[in-house]
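Structure, as structure tokens:
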Amino acid sequence: MAGNLVRFEDFLPTMADKLGGDGLIEELCNGFQLLMDKDKGLITFESLKRNSSLLGLQDLRDDELLSMLREGDSDGDGALNQMEFCVLMFRLSPELMQSSKRWLEEAMVNELVGSMF
Ligand SMILES: [Ca+2]
């Protein structure tokens, strides 16, 4: 069992249905705002731990939080930026990934990347 991470797999496809692609991206990025370290603009282990209860993740152990961070940290700086966080959320939900590849690609390129640069 993947423990509490199962929550994401149950949660995201429902959200995608309700919100549509753009709305889901927005929700995910709102999640990023909630979890990030406001000074750094990144999700660090400390900020994730401090804010995990906001997303119902307060039961995750430290090593589970850390492995989430490591899994999403594609540039290896030890923290999650907005892009890494959104990609991680989708990777935790394979079902959603499959059903929404097309809009995901469009939304990622147009909105996420566009808003970052
Ligand atoms: Ca990173």
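The values are calculated or read from the model by the stated rules, or taken from the named source; none is laboratory data. Quantities reported herein were computed from a predicted structural model and do not represent experimental measurements. Neighbour counts are summed over all protein chains in view; Cβ atoms, including those assigned to glycine, are modelled from backbone coordinates with ideal geometry.
Restricting to segment 29-47, name every residue that is assigned to a helix (DSSP H, G or I), away from the ligand (no atom under 13 Å from the Cβ) and surrounded by fewer than 19 Cβ atoms within 10 Å (Cβ to Cβ).
Selection gives C29, N30, G31, Q33, L34, E46.
Please specify each residue of segment 27-44 satisfying the condition of being within 18 Å of L92 (Cα to Cα) and in contact (Cβ under 8 Å) with a residue 24 or more places away in the chain.
From segment 27-44, those within 18 Å of L92 (Cα to Cα) are 27-32, 35, 43; that's our starting set.
Of everything in segment 27-44, those that are within 18 Å of L92 (Cα to Cα) and in contact (Cβ under 8 Å) with a residue 24 or more places away in the chain turn out to be L28, C29, G31, F32, L35, I43.
Output the residues belonging to segment 49-72 that are surrounded by 13 or more Cβ atoms within 10 Å (Cβ to Cβ) and either under 13 Å from Q82 (Cβ atoms) or in contact (Cβ under 8 Å) with a residue 24 or more places away in the chain (or both).
Within segment 49-72, L55, L57, L60, E64, M68, L69, G72 meet the criteria.
Could you list, in sequence order, the residues of segment 8-47 that are aliphatic (A, V, I, L, M) and either at pLDDT 70 or above or more than 12 Å from the chain's Cα centre (by Cα) (or both)? Reasoning before the result, please.
Going through segment 8-47, the residues aliphatic (A, V, I, L, M) turn out to be 12, 15-16, 19, 24-25, 28, 34-36, 42-43.
Selection gives M15, A16, L19, L24, I25, L28, L34, L35, M36, L42, I43.
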